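Derivation of every value follows stated rules applied to the coordinates shown; laboratory data play no part. As the structure is a computational prediction, the values presented were derived from the model and not from experiment. Here Cβ is always computed from backbone atoms with ideal geometry, including for glycine, and neighbour counts include all displayed protein chains.
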Amino acid sequence: MALQITAQCVNCWACHDVCPNDAIYQDTPHFLIDDDKCTECLGDHPDPQCAAICPIECAIVDELGDALNPPGSLTHIPIEKIVEMALLPAEYL
């Protein structure tokens, strides 16, 4: 059970310092999460802190590949508009 950071990540560093397990590390082309260290903040916080602070939709996904901040959740742009304007690759919709 571990979260993953996707290619949508813009390397803003917001998540790096809030991880209680130091599971997030800098890599190229974007940050990554160490599967062995990530607990999804269970026992530390009610929600994963990386996703709670992340300003980018679809940048953090769970083990099923579902975005913790899905399209439209932060921007409040209706999903229909996101599709119409091709703002995200199809795999994130």
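Each peptide in 36-49, 72-85 was scored by the mean count of other Cβ atoms within 10 Å over its residues; highest first, the order is 36-49, 72-85. Listed from fewest to most Cβ neighbours within 10 Å, the set Ile53, Ile60 follows the order Ile53, Ile60.
In loop segments of the stretch 1-74 as defined by DSSP, the chymotrypsin sites (Phe, Trp or Tyr not before Pro) with at most 13 further C-beta atoms inside 10 Å of their C-beta are Trp13.
Give the shape of the stretch 9-71 as rounded, prolate or oblate, defined through the alpha-carbon gyration tensor: a ≥ b ≥ c are the square roots of its eigenvalues, a/c under 1.5 means rounded, and otherwise the shape is prolate if a/b is larger than b/c and oblate if not. Numbers along the way, then the final one.
Details: a/c = 1.39, a/b = 1.10, b/c = 1.27.
Rounded, since a/c falls under 1.5.
Simple rule: put +1 on each Lys or Arg Cβ and -1 on each Asp or Glu Cβ in the chain, find the dipole, and look at Ala52, Gly65, Pro89; the Cα lying farthest toward the positive end is Pro89.
Rounded to the nearest 20 debye, the dipole magnitude of the chain is 320 debye, with +1 charges on Lys and Arg beta carbons, -1 on Asp and Glu beta carbons, and the Cα centre as origin.
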